[in-house]
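Taken together, the values in this text are just the output of simple stated rules run on the coordinates, not laboratory data. Because the structure is a prediction, the values reported are computed rather than measured. Cβ coordinates were reconstructed from backbone atoms using ideal geometry, including for glycine residues, and neighbour counts include every protein chain displayed.
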Amino acid sequence: MDPAKKKKLVALFRAEVNDHLGNLSEHLLVLEKKPATESPKSEVEEIFRSFHTLKGCARALGAKGIEVVCHRLEEIFSKVRSGKRPVDPPLTDVSLKGLDVIRELQSGEIEIMEDDPRVLGFLSHLSGVMAAGPSSPAPEGEGSRSAVAPAAQVPPVAPEAQLPPVSPAAQVPVEPIAPLAAPPAPSPATPGPVVHHVDVAALAEAPDRPAVGSTNALSGLAEPAPAEPAVPSPPRGAGPPPGPPPAAPREPAPPSVPKAQETIRVAAGKLDSLMNRVGELVISKIKTDQRLQDIQGILTAAGRCTRAFAALRNLAAGASVVASREWRSLDESLINMEQRVTALQRDFSADIARMSLVSRELEEDVRYLRLLPFSESVGTFHRMVRDMARELGKDVVLRVEGGDTEVDKGILEGLKDPILHLLRNALDHGIEWPADRTATGKPPEATIVLKASQQGMRFVVEVTDDGRGIDLERVRNKVAQTGLVGRDRLASLTEAELIEVLFRPGFSTAEEVTEISGRGVGLDVVAERLARLNGTVEVQTRGGCGTTVCLSLPLTLITTQALLVRCEGQMLALPTASVERTLELGHEEIKTVDCRQVVMLNGQPILLVSLGRVLELPPRTRGDRQALSILILFDGVRRVAFHADEIVGEQEVVHKSLGKQYIRVRNIAGATILGTGRVVIILNPQDLIRNALGAQQTTLGPSASATGPRRVLVVEDSYGTRTYEREILEQAGFEVHTAVDGAAALEFLAGRTVDLIVSDVEMPRLDGISMTRRLREQTKFKRLPIVLVTHLESPRSRQEGLEAGADVYVQKQEFDQEAFIDLLKNLSSRV
Amino acid sequence: MSEWDQILKDRAELLAAQPASEHLGEMLELVSFAVAGERYALSVDEIREIQPISEVTPIPCVPRFVRGLMNLRGGLLTVIDLHEFLSIRRPGMRDASRVIVLASDDLEVGLAVREVFDLVRVAAGGVLPPLVAPGGIDGKFLRGMLPDLTLVLNANALLGDPKMVIDDSRGGHARAPQPAGGGA
């Protein structure tokens, strides 16, 4: 075969194998959980069919190893189908093991022969299990574990049973395969011949229909299998249409099994490129609207021409020129032109209307192309929970709800690890041993609910266990050990704060490191992953009753509902989901607590920082706005208020990554292109919150300014005080200018600006209060921080000073140098 | 063979021999352009396309040489100030009119340039070694210099420079603001 073609086929094969493996593992787990009273027929049928199809594909590509494994498993399920073998844990174990082997085989060179040690190892293990016979009410944990354990090594082979003894020379796998290639060898005597009929049918089909459609080959299967009355065999012989697959007419599949949909495999990159093209189309469409306006302009001009010409005719009435051929021709041309432009405008506008409709629909469709049902990813979770529960000796059932909720493929992939992590946490820490559960009155079997739902434009996954909940006192002790928080604060840590600690890197409450979790990679990893997907994590725990971890993400990675904000003159976007609320506040509503600026929300102080400062944007001159636009960001744990120039509005934006060379940029999540073609940066709220809280500490440190030293103007008539103040302010890192009184200060400020004024009250020529009042009259000084310092112990002048517009009124008696400096730093960095 | 044929043949041979007679034979096709007042050139093969510059949106928290993002046919193109990148004093962005798009497997950037001149063909031997002066452009970014002092840049070295990859994940979240011109 042409190698390129072969390569393509192999890629297709791999994709298909993976689909089947997912499908198989899901059905195996459903089958295992099914109570004995319910008929397992549909699952068994499905499993049987999947192995059969896989076998056909593998054969078509010469993947002998996979073929043999599939064949043997198919054979076993044929027995199950005919009621010759019950479904029991060893059977599930060995089948799952088989899936692992297939997965491993297909990942490497495809043409692995049946004598590959992995294949041989599995086959002899399989014979061992099958020889042991059904685990007649096997002691749950024990029996099954012993069946799992030897899988790693090649187990000792049970000699008797249906299969010939396995010798190291490995005729075993070869022997049952041999008849496959040859014409049907009727072997009615041996058990398990049923399959052979099938294989022949499949063999005939395989070359032209390697993949999906071998169901009609299967439909014949029902006949030789004796104990199969429930499977209605489709009407035979009539026509070429193969009829529905045998499973179809039966009772609806349990909800956890997704319905098969007709699908086409497309590389995600192609979808992205399609998305880009659609974006361009939308932008072109907007430009076309502009063209329509241009035509409107031409039409107006044409109208003016005809009117002017008509007026000219009146003026020239009787003149010979009016009768000339040229005149008539011009007259006709003008009328003609106006008519044609009118028609053009009408048609063009109808075309645009149609085009906008189509492009809008197209845009919508493309956006939703990448959505997949949540159930696509749950196979791994079932498997993991099952394996781990067995390993730990806990009894756990995983229930999936909302499997049909659709979400972007990228999100689904990105969520896999966080969810696995949360499940592991729940299994290891949350869920108690069966005995402990019984002791506390809980059913011995624990339940983990994995629930997906769409809430507005958010995709929400909740992982809820009914275990013991998070032991907050243990967290507190752990905090004490690690010294994350000072002892004095320890006792007062609230529940929310303790939960927040769980998200700190390297924090784990596991007493010892186990294989499963507790390696110090904790919830911080989950939070980090979620942040990358624009999502948030929330933890609720009910002591003794369990824990719920709620992951909330946008429905699609491509489009995000975003709030557009102007900050230091630049337009920026923030995912709306992380913006808890927006406020417009007057300057007087900003309070200073512990030298930090805060806003009060429902009686709680929230740290207020400048968005521009966190983003390290160069500050611009401030406009004359009375109110501050404030956004409160919330990441599920922490809240920070940011102020910006203006909140522009909200819209749905297409999320794009910045480019391949940007591995990670602090505070930035990506970018988008607005309908106008303009590029806008999308911010990362989690980073903003973290960096705002981090930066806050340095704000109080010695040199904290992002934009060079802050300039302060000291207005003071006493030479001694002036010098003293200059000294302490310079020491604190300010650039200090001085003026001898209010009038001198006004002169100084006529030509320059400062970030802060510290002024005496009692001064010759112009006192501090009058100076403040005069400055506040000018728009450019409306928001300049002014601190009045005085020795006057008079309530009247304090009142007067604040009314004049001073921000702070300090009395020299209460002068604490350090607090004063902090205050000044905060004021000067404000806005 | 007629006399005419002989003449034509000689002429053809002469023409064919022309390139060989000039230094070392191999010819380079270069696109010359200006960034601020300086003249540079890049090999045609290294250039993906040249486009008029459109509005460039700055990205916060990235090194200064990254001037921002531009909308290129519905995709995002990172626009680089060559002079900031090479630590040359005169910023190259102010009067930029075009972007020269360079791409490797890993990344794609647009150099902001003031003006793009003609395609020039020079013999490989006509490229002089660059003048490497202390405080000047790091020699690794240069292929050489043309007699008219045009600097021939090495696009692979520019694109392959570790500075081009921006990754804050190590060192985490900047507590203190980066010094101006940071990114080293």
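Please list the non-local residues whose amide H lies under 5 Å from the amide H of residue A:609, H modeled 1.01 Å from N, same-chain partners needing a gap of 5 or more.
HN-HN under 5 Å from residue A:609: A:641, A:642, A:643.
What are the residues whose amide H is under 5 Å from the amide H of residue B:123, where those residues sit 5 or more places off or on another chain and H is modelled from the backbone?
Under 5 Å from the amide H of residue B:123 lie the amide H atoms of B:28, each far enough along the sequence or on another chain.
Check residue B:79: other-chain or 5+ apart residues with amide H under 5 Å from its amide H, H built from backbone geometry?
Amide H to amide H, under 5 Å and 5 or more residues apart or across chains, residue B:79 pairs with B:67, B:68, B:69, B:70, B:110.
Could you give the dipole magnitude of the stretch A:85-129 about its Cα centre, charging the beta-carbon of Lys and Arg +1 and that of Asp and Glu -1, in debye to the nearest 20? Could you put the intermediate results ahead of the total?
On the way: 4 positive and 9 negative charges, 50 e Å.
For this selection, approximately 240 debye.
Please average, across the residues of B:57-69, the number of beta carbons from any other chain that are within 10 Å of each residue's own beta carbon, and give a whole number.
6
Would you list, by chain and number, the lysines whose Cα falls below 23 Å from the Cα of residue A:84, excluding same-chain residues fewer than 8 positions away?
Those lysines meeting the cut-off are A:33, A:34, A:41, A:55, A:97.
Cut-off is 10 Å between beta-carbons; in what order do A:321, A:463, A:68, B:101 appear when sorted fewest neighbours first? Please report the intermediate quantities before stating the final value.
Working: A:321 11, A:463 24, A:68 29, B:101 19.
In order of increasing Cβ crowding within 10 Å: A:321, B:101, A:463, A:68.
What fraction, in whole percent, of alpha-carbon pairs in the stretch A:1-122 exceed 22 Å separation?
I get 33 percent for the Cα pairs in the stretch A:1-122 exceeding 22 Å.
Determine, from the Cβ-Cβ distance of residue A:268 and residue A:351 and an R0 of 30 Å, the FRET efficiency 1/(1 + (r/R0)^6), rounded to the nearest 0.05.
0.35
Straight-line reach from residue A:782: which lysines have Cα under 24 Å away, leaving out those fewer than 8 places along the same chain?
Candidates past the 8-residue exclusion: A:591, A:825.
Taking θ = phi - 60°, what integer Hz values does the Karplus form 6.51 cos²θ - 1.76 cosθ + 1.60 yield along the stretch A:745-761, in sequence order, with x for Gly and Pro?
With the stated coefficients, the stretch A:745-761 comes to 5, 4, 4, 4, 6, 4, x, 9, 10, 10, 9, 6, 10, 10, 10, 6, 9 Hz.
Relative to the present Cα-Cα distance, how much length would full extension add between residue A:542 and residue A:115 at 0.36 nm per residue of separation?
Result: 148.3 nm gained on full extension.
Which whole-number percentage describes the relative contact order of the stretch A:711-829, with Cα contacts under 8 Å and a sequence gap of 6 or more?
Normalised by residue count, the contact order of the stretch A:711-829 is 23 percent.
Which ³J(HN,Hα) values, rounded to whole Hz and listed in residue order, are derived for the stretch A:86-95 from phi using the Karplus coefficients 6.51, -1.76 and 1.60 in 6.51 cos²θ - 1.76 cosθ + 1.60 with θ = phi - 60°, glycine and proline given as x?
x, 8, 9, x, x, 5, 4, 4, 5, 5
Over the stretch B:26-163, what is the percentage of antiparallel beta bridges among all DSSP beta bridges, to the nearest 5?
90
What does the extension gain come out to for residue A:293 and residue A:413, with contour length at 0.36 nm per residue minus their alpha carbon separation? If you can, show how the numbers build up before the last one.
Working: separation 120, 0.36 × 120 = 43.20 nm, distance 4.57 nm.
Difference between extended and current length: 38.6 nm.
What nm distance separates the two modelled labels at residue A:304 and residue A:589, each placed 7 Å from Cα along Cα→Cβ?
Distance between label points: 4.9 nm.
Which of the lysines could a cross-linker bridge to residue A:416, judged by Cα under 19 Å and excluding same-chain residues fewer than eight apart?
A:451
Local charge sum around residue A:307 (other residues, Cβ-Cβ under 13 Å, Lys/Arg +1, Asp/Glu -1)?
Around residue A:307, the charge tally is 0.
To the nearest 0.05, what FRET efficiency results for residue A:646 and residue A:491 with a Förster distance of 35 Å applied to their C-beta separation?
It comes to 0.20.
Which whole-Hz couplings ³J(HN,Hα) result when phi for each residue of the stretch A:294-301 is put into the Karplus expression 6.51 cos²θ - 1.76 cosθ + 1.60, θ = phi - 60°, listed in order with x for Gly and Pro?
Working through the residues one at a time gives 4, 4, 4, x, 5, 4, 4, 4 Hz.
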